[in-house]
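Down below is the structure, laid out as C-alpha cells.
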Amino acid sequence: MKFNIRNWVTLIASVWMSFTVSVMEGVRPLPNPLIEAHGHVKHATAKRWAVLVAGSKGYDNYRHQADVCHAYQVLKKGGLKDENIIVFMYDDIANHTLNPRLGTVINKPNGPDVYKGVPKDYTGNATTSENFYAVISGNRSALSGGSGKVVDSGPNDTIFIYYADHGATGVIGMPVGDFVMANDFVDVLKKKHAAKSYKKMVIYMEACESGSMFEGILPNNIDVYATTAANTDEDSYGFYCPDLYPTPPPEYTTCLGDEYSISWLEDSDKNDMVNETLQQQYETVRRRTLVSHINATSHVMQYGDKELNNDSLAIYIGALAPSLSLNENAHSFEQSTTQTKLISQRDTRLLHLRLELQKAQDGSEKLKAQKELADEIAHREHVDNVVHLIGDLLFGEENSSAMMFHVRPAGKPLVDDWDCFKTLVKTYESQCGTLSSYGRKYTRAFANMCNAGIYEEQLKTTTSQACPQKNHAS
C-alpha cells in the first residue's frame, strides 16, 4: 500500500496524540498551595469568596470602615477578584467634613490610603441585615438596593467573612435597620451548609461580646471556623486613638483602627500567607492583644470547626504580594509591643466628642460641641437609670443585678428562647427608645429576663413605669 505525504502526516499526528494522552494521564500537576493545603485537594475551578462588613456609620466610627477597606486591600493583593469580594460600608467617612484628608482613609498612623479602589457594593440605605443575609445565602431576589453581588458559591468554594462594628450580647449592629441576631446569623450559615454551596468558611469578627454570636450555637460540623475579638462578656477595643499610644496624627479626633482587626490585618500585610495557618494567625493576634492590655482585658476566641485552623490562610485570603505598607514611616502594631491603655469601643464616641470640643472655635461652634457632648453623657445616664429601674421592678433591688447581668457558663447559648429575646428587645425599644451602641451593653439583661420567665406583657408593664414618656435614643 502506498502512502502519500498527507497519509504520513495523519499517521504521525495520530501516534503523537495517542502517546501524549497516555503520558498526560499519568502525570499529576505540581501542587499549588492555593489549591491544596494539608491534604485537602480543591478542584481548579474552586473560587475564594469574601464578604466584608463595616456595621456602623458616623465619623466617630471611622475605624470600622478603615478596617474593612484595609481588609479589601489585603484580599485584593492576595489575588481575590472584585467579582468575588462583596463590601458593606455606609461610605460616609472618606468625604466627611471632619476628615482631615478628604477622599482618603488610613488604618494606622502615617499609613497608606486604604479607601482607593474599594468596591461600593452595599452603601447607605442598602447596608441592612436583610441584605447581609441575602448576600451570604446567594439570594438575589431578597436584595433591596446595592450592586446585586451575592456569594454565588459552589461546593468546592471557600468563603471568608469579616465583620467590624459595635456589638453586644447576642447581636451585632448594621448601619441601617435591625440588628444581626446571633441565631439568625447561624441559621443562615446552617442553610448555606445544607445547600452544599461551600467547602469551608472562616469568620473573623470584631465587636464587643462577639463571642456571644457563636457560643453554644455554632455547630462544629458545618465546616465553619470563627474567631472573635472578645468572649461573651468582654469589650473589644479601639486602637490608634487620640491621646493614647500609639496615637494618630494630631488632626484626627477619632480612632483609626480596632485592636483585634489591625492585629490580623497587619500580620497579613507582612507575612507569607501560603505558609501561615489560621491557627498561627490566631496565636499572633492573641499574643498581641494580651501584650497591649494594661487597663483592660479581652480574650480572642475560637468557635466552630477548629480542625480548619490548620489550613493555610492562602486558601481564604490569598497569597499576599509585596507589603501594602507603602510608607516606611507608617506605624505598625508590631512596634507596639509594650503595654498601653486602651479604650472600649463603647467609649470612643465620648473621646471623639471631647476632642471636637477642645478644638472648636469660640462661639456657635463651641456651643454646638458642648451640647453634643452633654447630650451623650445625659443619654448614657438615662439608659443606665432606666435599665436598673426595670431590673429593680422585675426582680427587686436585692436580686436585680444578679438576675440581669448573670453570665452563663461556657458552652451554653446566651438564651434558650431567641424569639423571646428579640421580642423583649423590641418591646424595650418601642417603650423607651432605640438602643444605641452604648445602650446595647444591656442586651444580656433582656436575655436573662427570658431565661427567668419574663415575657412581653410583663416587660410592657414595667417599661411603662420606667419610661412614662419615650426619651431620646437609648
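The values are calculated or read from the model by the stated rules, or taken from the named source; none is laboratory data. Because the structure is a prediction, the values reported are computed rather than measured. Every residue, glycine among them, receives a Cβ derived from its backbone with ideal geometry; neighbour counts consider all protein chains shown. Note: areas computed on protein heavy atoms with side chains; ligands, DNA, RNA excluded. Shrake-Rupley method; radii C 1.70, N 1.55, O 1.52, S 1.80 Å.
Taking the range 360-466 as the region of interest, what is the percent of Cα-Cα pairs per 5 angstrom bin, listed from the shortest bin to the one with the maximum distance?
Distribution as computed: 2, 12, 20, 21, 16, 9, 6, 5, 4, 3, 1, 0 percent.
Please pull out the direction-averaged projected area of the range 73-195, using the convex hull of its alpha-carbon atoms, in nm² to one decimal place. Spell out each step's value before the answer.
Values: hull surface 35.4 nm².
Average projection, Cα convex hull of the range 73-195: 8.8 nm².
Name the residues whose placed amide hydrogens come within less than 5 Å of the amide hydrogen of Trp49, ignoring near sequence neighbours (fewer than 5 apart) on the same chain.
Amide H to amide H, under 5 Å and 5 or more residues apart or across chains, Trp49 pairs with Thr158, Ile159, Phe160.
Please state the equivalent ellipsoid semi-axes for the range 202-267: what are the square roots of 5 times the Cα gyration tensor eigenvalues, largest first, in whole Å?
29, 12, 7
Using a 1.4 angstrom probe on heavy atoms only, work out the carbon and sulfur share of the accessible area of the range 360-466 in %. List each step's numbers first, then the result.
Details: 2600 of 5330 Å².
Of all accessible area on the range 360-466, carbon and sulfur atoms account for 49 percent.
Would you mind calculating the relative contact order of the range 110-268 from Cα pairs under 8 angstrom and at least 6 residues apart, reporting the percent as a whole number? It would help to have the intermediate numbers written out before the result.
Working: 274 pairs, mean separation 29.0, N = 159.
Relative contact order of the range 110-268: 18 percent.
Here are some pairs, Lys108/Lys149; Lys359/Lys441; Lys47/Lys77; which of them have Cα atoms lying more than 20 Å apart in this structure?
Violating the 20 Å limit, Cα to Cα: Lys108/Lys149; Lys359/Lys441.
In terms of modelled amide H atoms, which long-range or inter-chain residues lie less than 5 Å from the amide H of Gly78?
Ala321
Suppose all protein chains stay in the model; what accessible area per residue would a 1.4 Å probe give for the range 360-466, in Å²? Could the numbers behind the result be given before it?
Numbers: 5330 Å² over 107 residues.
Value returned for the range 360-466: 50 Å² of accessible area per residue.
Please list, ordered by chain and number, the residues whose modelled amide H lies under 5 Å from the amide H of Asp258; skip anything fewer than 5 residues away on the same chain.
Here the answer is Phe239, since their amide H atoms fall under 5 Å of that of Asp258.
Using θ = phi - 60° and the Karplus curve 6.51 cos²θ - 1.76 cosθ + 1.60, what whole-Hz ³J(HN,Hα) does each residue of the range 442-447 get, with Gly and Pro shown as x?
9, 5, 4, 4, 5, 4
Using a Förster distance of 51 angstrom, determine the FRET efficiency expected from the C-beta separation of Lys366 and Asn139, and round it to 0.05. Mind dumping the intermediate values first?
Numbers: r = 50 Å, r/R0 = 0.98.
With a Förster radius of 51 Å, E is 0.55.
Using the Cα centre of the range 90-142 as origin and beta-carbon charges of +1 (Lys, Arg) and -1 (Asp, Glu), tell me which of Ser141, Val114, Ala126 is placed farthest towards the positive end of the dipole.
The residue sitting most towards the positive pole is Val114.
When Lys and Arg each count +1 and Asp and Glu each count -1, what net charge do the other residues less than 9 Å away from Ser137, Cβ to Cβ, add up to? Each step should come with its number before you reach the end.
Details: positive: Lys191, Lys192; negative: none.
Charge balance in the 9 Å sphere: +2.
Would you mind pulling out the separation of the Cα centroids of the range 413-433 and the range 358-383, in Å?
Between the Cα centre of the range 413-433 and that of the range 358-383, the gap is 31 Å.
Whole-Hz Karplus ³J(HN,Hα) for the range 96-102, in order, using 6.51 cos²θ - 1.76 cosθ + 1.60 and θ = phi - 60°, x for Gly and Pro?
5, 4, 7, 6, x, 10, 3
Which ³J(HN,Hα) values, rounded to whole Hz and listed in residue order, are derived for the range 197-203 from phi using the Karplus coefficients 6.51, -1.76 and 1.60 in 6.51 cos²θ - 1.76 cosθ + 1.60 with θ = phi - 60°, glycine and proline given as x?
10, 7, 9, 8, 9, 10, 10
May I ask for the net charge around Ile343, where only other residues with Cβ less than 13 Å from the Cβ of Ile343 are counted and Lys, Arg are +1 while Asp, Glu are -1? Before the final figure, lay out the partial values.
On the way: positive: Arg63, Lys341, Arg346, Arg349, Arg354; negative: Asp60, Asp235, Asp243, Asp258, Glu259, Asp347.
Charge balance near Ile343 sits at -1.
Can you give the net charge of the other residues whose Cβ lies under 12 Å from the Cβ of Val68, counting K and R as +1 and D and E as -1? Working shown, then result.
On the way: positive: Arg63, Lys120; negative: Asp67, Asp91, Asp121, Asp165, Glu206, Asp258.
Once positives and negatives cancel, what remains is -4.
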